[in-house]
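Written below as structure tokens is the structure these notes are about.
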Amino acid sequence: RRVHGGSVLIFYLFFYFFETMDSQGIILGSLEISLEGNIISGAGELKNDTATAAVVMKLLQDVAGVLVTTNGTEPLKRLTLSFEEFQYVISMTIDRIHVRKVPAVNK
């Protein structure tokens, strides 16, 4: 069976990464945001959550100038915002921003 352009495989690898990243195997919500800030897809508690999408975009714009490696070549891969009850895990690919809301690790 042929995978069209490998995009399906990449999607499943990303999904597997986020599923295994959370030790409880629970994702409370997810968002995929374009680099322009538009919601591509959402699920769970983050479905159609334009407010969270806007905050994530603003946050990434703000930290872009701060999080520069010494040689300036290594891009930001993942950012985790931890709260008492949950965490937002934000990661980037070439053309999208992925946000996952998961239960807090030490809960």
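Output the number of residues of the range 90-106 satisfying the condition of being under 13 Å from SER30 (Cα atoms) and either touching a Phe, Trp or Tyr at 6+ places or on another chain (Cβ under 7 Å) or assigned to a loop (DSSP other than H, G, I, E, B) (or both).
Within the range 90-106, residues that are under 13 Å from SER30 (Cα atoms) and either touching a Phe, Trp or Tyr at 6+ places or on another chain (Cβ under 7 Å) or assigned to a loop (DSSP other than H, G, I, E, B) (or both) number 6.
Within the range 25-47, how many residues are surrounded by 14 or more Cβ atoms within 10 Å (Cβ to Cβ), in contact (Cβ under 8 Å) with a residue 24 or more places away in the chain and either in contact with a Ser or Thr (Cβ under 7 Å, 6 or more places away or on another chain) or among the charged types (D, E, K, R) (or both)?
Number of matching residues: 5.
So GLU19 passes all but one of these: (1) open to solvent by 50 Å² or more (accessible area, probe 1.4 Å); (2) modelled with pLDDT of 65 or more. Which condition number does it fail?
So the condition that GLU19 fails would be (2).
Within the bounds of the range 71-78, is there any residue that is touching a Ser or Thr at 6+ places or on another chain (Cβ under 6 Å), modelled with pLDDT of 65 or more and open to solvent by less than 100 Å² (accessible area, probe 1.4 Å)?
no
The values are calculated or read from the model by the stated rules, or taken from the named source; none is laboratory data. The structure displayed is predicted, hence computed values, not measured ones. Cβ atoms come from the backbone with ideal geometry, glycine included; neighbour counts cover every protein chain shown. The accessibility values were calculated without ligands, DNA or RNA, using every heavy atom of the protein model including side chains. Shrake-Rupley method; radii C 1.70, N 1.55, O 1.52, S 1.80 Å.
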